[in-house]
Amino acid sequence: MPETGSEGGELSFEAAIERLEKIVEQMESAKLPLEELLVRYEEGIRLVGICNERLAAAEERIETLNREAAQKTAPAEIVKPKDPVKAIKDQDHEISLF
């Protein structure tokens with residue numbers, strides 16, 4: 001089940017990072033009781049998971065786009081010219097200089 005933001009849509013990477021920053025700030029203040037610290041920590045772990053999922057999806061999309069771009073711009077297969085000396089030898093021709 002995807003995490004949702006306050007508007008009911010999926011939580012964006014940026015929103016998750018912003019919330020993580022607030023949680024870290026709260027936890028560093030040392031004003032929260034232990035139980036609240038644990039709740040914030042648990043929320044932070046969920047947010048890190050969301051961020052990791054968003055980053056993995058973005059990386060996969062970039063790789064797909066790069067593959068597609070490479071396929072579109074790849075040159076046609078270059079046929080290597082045959083070695084003329086080898087071709088003549090393969091045909092059992094004699095090479096005579098005189």
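FYI, it's all coordinate maths here, none of it is from the lab. Everything quoted here is computed from the prediction, not taken from an experiment. Every residue, glycine as well, gets a Cβ built from its backbone with ideal geometry; the counts of neighbours run over all protein chains shown.
A few remarks follow.
- Nonlocal amide H pairs with E10, under 5 Å, H built at 1.01 Å: G5
- Surrounding net charge for R61, when Lys and Arg each add one and Asp and Glu each subtract one, Cβ distance under 13 Å: -3
- For M27 and F13, the difference between the fully extended length at 0.36 nm per residue and the C-alpha to C-alpha distance is 3.0 nm.
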